[in-house]
1. Restricting attention to the stretch 191-206, does a residue exist that is under 22 Å from ARG227 (Cα atoms) and of a type in the set (Ser, Thr, Tyr)?
2. For THR171, only one of the following conditions fails: (1) assigned to a strand (DSSP E or B); (2) in contact with an Asp or Glu (Cβ under 8 Å, 6 or more places away or on another chain). What is its number?
3. Taking the stretch 47-77 as the search range and keeping residues that are without any contact (Cβ under 8 Å) to a residue 60 or more places away in the chain and more than 26 Å from ASP23 (Cβ to Cβ), which one is surrounded by the most Cβ atoms within 10 Å (Cβ to Cβ)?
4. Looking only at the stretch 111-143, which residues are among the aliphatic types (A, V, I, L, M) and over 18 Å from LEU200 (Cβ atoms)?
5. Take the conditions buried (at least 20 other Cβ atoms within 10 Å of the Cβ) and assigned to a loop (DSSP other than H, G, I, E, B) and apply them to HIS302. Does it pass?
6. Restricting attention to the stretch 354-369, which residues are free of Cβ contacts under 8 Å to residues at least 40 places away in the same chain and under 12 Å from GLN196 (Cβ atoms)?
7. Of these, ALA44, ALA18, which one is within 30 Å of PHE206 (Cβ to Cβ), of a type outside the set (Asp, Glu) and in contact (Cβ under 8 Å) with a residue 24 or more places away in the chain?
8. Name the strands (runs of 3 or more DSSP E) wholly inside the stretch 15-107 in which the number of residues that are under 27 Å from ASP310 (Cα atoms), in contact with a Cys (Cβ under 8 Å, 6 or more places away or on another chain) and of a type outside the set (A, V, I, L, M) is 2 or more.
Amino acid sequence: MLTKGDDYPLHQTPEPVAYSGADRNFYDRYFFNGYSPDGDLFFAAALGVYPQLNIMDAAFCLVRDGVQHNIRASKHLDSERLNLNVGPITLTIEEPLKTLRLQVNDDASGISVDIAFQARHTPVEEPRFTLRNGSRMMMDYTRMTQNGCWSGTISHGDQSITLDPAVHVGTRDRSWGIRPVGAGESQPASPERIPQFYWLWMPFNFDNFATFFHSNEDERGLAWNQRGVIASLAPSTADSPVEFTRTGYTLGYASGNRRVNTLSVDYDSPNGPSMEVTPNGTLFYMSGLGYMHPQWGHGMDHGPLDTAYDTIDLSSDPAGDPLRLHVQALATAVLSVDGQQHTGMGVIEQLFLGEHQPSGLSGLLDPWS
């Protein structure tokens with residue numbers, strides 16, 4: 001099956017680009033977020049390609065005035081992986097690894113978007129994520145992450161917001177490989193166990209630096225995937241991110257739930273750079289982009305083309321709600337490097353399922369106390 005992609009030097013196997021190996025769970029995905037310094041504006045977007053399921057889906061979310069607006073779209077892929085348009089959402093790669101354009105025009109929500117992401121540094125390649133449930137492969141993928149700035153316009157109703165690259169920053173990532181997508185497995189792995197997944201992901205933007213830290217840990221608190229990186233953006237230095245091999249962190253949880261409320265990161269502790277992070281109260285629910293959503297989960301079949309629009313009231317944060325488990329918390333940070341302090345912003349992405357002994361987390365969703 002030949003497609004437009006076959007005219008590009010992108011092949012990874014002897015077969016046409018339409019075929020992506022033998023695993024039904026193969027995926028290829030884009031993620032973006034952006035925010036204002038005061039937290040008054042937060043937005044996020046995603047687009048996923050699932051070649052073996054013949055699905056492409058996308059979402060755009062806007063947080064304004066205490067409400068999260070979620071635009072969702074899904075279509076049959078028909079093997080054309082380079083047509084990055086799903087209903088009202090279009091992604092254009094203006095310059096690979098540097099500039100990407102996002103457009104949204106959705107009548108149901110009254111939201112229209114024409115914005116561009118400009119990378120601030122070369123991408124960070126995270127270690128390959130490989131996770132098995134017994135003998136069954138659950139995850140095997142690669143992700144790259146870049147911090148950047150935004151330009152363009154977001155309109156909602158009678159409000160129009162002009163994004164200034166000097167003010168509005170954020171992060172984008174690209175991941176591809178294998179992880180559970182589409183309909184659930186017909187035969188779960190045996191014996192069944194309480195799910196366990198401890199995920200912390202933290203990209204931050206500063207005037208002259210971009211930082212990154214993530215950690216995946218098992219129930220004992222042992223990291224099976226972790227990386228800490230700082231990219232210097234000063235004109236006199238190379239922008240190649242510097243990886244630190246001994247990054248550590250300490251955090252505290254809010255009483256009665258599993259939300260992070262204090263966090264410190266030490267790069268090459270005890271004598272390297274460090275970062276103190278403080279959530280500012282703005283939460284974004286990743287279910288708006290399909291994560292853990294029962295109807296609009298990644299790779300679900302909605303027919304040749306379907307769209308939806310819904311909202312989430314942000315005035316409360318009920319503990320244990322499945323659609324509110326996976327969050328990004330907007331946060332400020334103070335980075336200490338070579339005796340100087342730098343103030344910046346970013347997100348603490350957190351998904352804590354099951355036991356994590358060092359934190360005192362138990363059960364599937366039991367709150368910290």
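1. The answer is yes; a qualifying residue exists.
2. (2)
3. Top of the filtered list is PHE60.
4. Correct list: ILE111, VAL113, ILE115, ALA116, ALA119, MET137, MET138.
5. no
6. SER362, the sole residue that qualifies.
7. ALA44
8. 67-76
The values are calculated or read from the model by the stated rules, or taken from the named source; none is laboratory data. Quick caveat, the model's predicted, so the values are computed rather than measured. So basically every Cβ, Gly included, is an ideal-geometry build from the backbone, and we count neighbours across all protein chains shown.
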